[in-house]
Amino acid sequence: MHHAATWGWEMSITTQQILEVLRAAPEGLTANEVSAMLGAASYNAGGRLSKLAAYGEIEKMGTPSPSGKSKWRLKRAHLLR
């Protein structure tokens, strides 16, 4: 099995993986939590999350996490799939 450098693994994180992580967490996740769930704690998911929100796939929740960071979740239509 080929072991890519850390950045290679992180770059291979797909939109589908991010959506699946969020689908499993209807209470929402921060960008750091999304990265940790994908096994790439140093990956900055924030930019990808913002882009997915712009595409209408996910939304930023009104209530931030206890640490004050934004939480993200799938839009309702995607929860039904």
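Descriptive notes on the structure:
- Members of the stretch 59-74 found to be surrounded by 13 or more Cβ atoms within 10 Å (Cβ to Cβ) and within 15 Å of E33 (Cα to Cα), listed by number: K60, M61, P64, S65, K69, S70, K71, W72, R73, L74
- The stretch 35-78, subset aliphatic (A, V, I, L, M) and over 17 Å from Q17 (Cβ atoms), residue modelled with the lowest pLDDT: A77
- Residue selected from the stretch 34-45 under the condition more than 9 Å from W72 (Cβ to Cβ) and either touching a residue at least 24 places away in the same chain (Cβ under 8 Å) or not hydrophobic (A, V, I, L, M, F, W, C) (or both), by the criterion surrounded by the most Cβ atoms within 10 Å (Cβ to Cβ): S35
- Residue pairs whose Cβ atoms lie under 7 Å apart, separated by 6 or more positions or on different chains, with the first residue in the stretch 46-62 and under 14 Å from L29 (Cα atoms) and the second of a type in the set (G, A, S), are G46/A31; L49/A31; E59/A53; K60/A53; K60/S70; M61/G28.
The values are calculated or read from the model by the stated rules, or taken from the named source; none is laboratory data. Bear in mind the structure is a predicted one, so any value in this text is a computation, not a measurement. All Cβ positions, glycine included, derive from the backbone under ideal geometry; neighbour counts span all protein chains shown.
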